[in-house]
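Have a look at the structure below before the remarks.
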Amino acid sequence: MANDSSDFARSMAIATSGLRAQAGRMRVISENIANADSTSQTSGGDPYRRKVPTFSSALDRTLDAQVVTLGKIKPDQSNFRVKYEPNNPAADAIGNVKYPNVNSVVEMTDMRDAQRSYEANLNIISATRRMIQRTLDILKS
Amino acid sequence: MSINDLPVLSALRTKMQWHQERQRVLSENVSNSDTPKFRPRDLVEPKLDKSGAVTGSMGPLAMTVTSASHMTPSGAASSFDQNKNAGFETRPAGNAVNLEEEMMKAASNQMDYAAATSLYSKSLHLLKTAIGKG
């Protein structure tokens, strides 16, 4: 074997990398939802731009396994929602206000997706723990 | 002949090693279930002959490291054959991991491992009975 840690320890570490990546994704999603109505502070300026998390698979050389990492968090380049609100302080010369390009339905589905992936990683950890327990049970009998 | 050379025990040990390594491969698949262009992998179950040795191929040969400062080649080394065509439906992002399937595989892997470990401890118990301490 290429390194000292056992396959079980590596399974746990890989699943933990998945947990960390999904938790980072949840952070970005909550940022988007919290800022769903954050308009610009200046008149006619750009509001909050939705952020998109990216994942990448990387070879962890100490573990010798493919772990997942949260890559760069990129801005969503789609158009802002424009509403006609002349009395809003963020309105431009003709009374239009730009609202963030956050769609709460999309964020909700994304959140559920992150939740499921997180649960899947937790399942792997508990399955691995049970397998380790079985190994230790050989000693007891 | 040591206890470890008994066919039953060595076959069970190989099987347990295979389950451990499969668990690692499955957790790689699950943690990368949202990574674009990731293809899931799986291990091919080893075929054992009567003496408990593995027949057929035993995975790719490991590269020899001639100096301690050399890095290991990329791609996790495995002592069992890999099946790289595990995924059958690919999402638009190029990811072919099916979470339900991986969960099912992890559960069955765990149950088979439990079966192998209890068989192992029963065999040890049998030996104890034979020596007269059971």
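Would you check if B:S57 is closer than 30 Å to A:Y118 by Cβ, surrounded by 11 or more Cβ atoms within 10 Å (Cβ to Cβ), modelled with pLDDT under 75 and more than 9 Å from chain A (Cβ to nearest Cβ)? Don't jump to the end; show me each part of the working.
On the way: closer than 30 Å to A:Y118 by Cβ: no; surrounded by 11 or more Cβ atoms within 10 Å (Cβ to Cβ): yes; modelled with pLDDT under 75: yes; more than 9 Å from chain A (Cβ to nearest Cβ): yes.
The answer is no for B:S57.
Any idea which of A:D46, A:D60 is in contact (Cβ under 8 Å) with a residue 12 or more places away in the chain, of a type in the set (D, E) and within 20 Å of B:V30 (Cβ to Cβ)? Reasoning before the result, please.
On the way: A:D46 fails: within 20 Å of B:V30 (Cβ to Cβ).
Just a single option satisfies the conditions, and that option is A:D60.
Annotation: A:D7 fulfils all but one of (1) within 11 Å of another protein chain (Cβ to nearest Cβ); (2) touching a Gly at 6+ places or on another chain (Cβ under 7 Å); the unmet one is (2). Under the condition of being within 17 Å of A:Q22 (Cβ to Cβ) and surrounded by fewer than 12 Cβ atoms within 10 Å (Cβ to Cβ), the residues counted in region A:46-97 number 1. When the residues of region A:126-139 are filtered to those that are among the hydrophobic types (A, V, I, L, M, F, W, C) and facing another protein chain (nearest Cβ under 8 Å), the one that is surrounded by the fewest Cβ atoms within 10 Å (Cβ to Cβ) is A:I138. Selection of region B:108-133 for residues being at the interface with chain A (Cβ under 7 Å from one of its Cβ atoms) and under 30 Å from B:P40 (Cα atoms) yields B:Q110, B:Y113, B:A114, B:T117.
Identify all residues within region A:89-123 that are of a type in the set (A, V, I, L, M) and either touching a strand residue (DSSP E or B) at 6+ places or on another chain (Cβ under 9 Å) or assigned to a helix (DSSP H, G or I) (or both); write none if there are none. Give the derivation first.
Keep residues of region A:89-123 that are of a type in the set (A, V, I, L, M), which gives A:90-91, A:93-94, A:97, A:102, A:105-106, A:108, A:111, A:114, A:120, A:122.
Correct list: A:A90, A:A91, A:I94, A:V97, A:V102, A:V105, A:V106, A:M108, A:M111, A:A114, A:A120, A:L122.
The values are calculated or read from the model by the stated rules, or taken from the named source; none is laboratory data. Being a predicted model, the structure only gives us computed values, none of them experimental. Quick reminder, even Gly has a Cβ in these numbers, built from the backbone with ideal geometry, and neighbours come from all protein chains shown.
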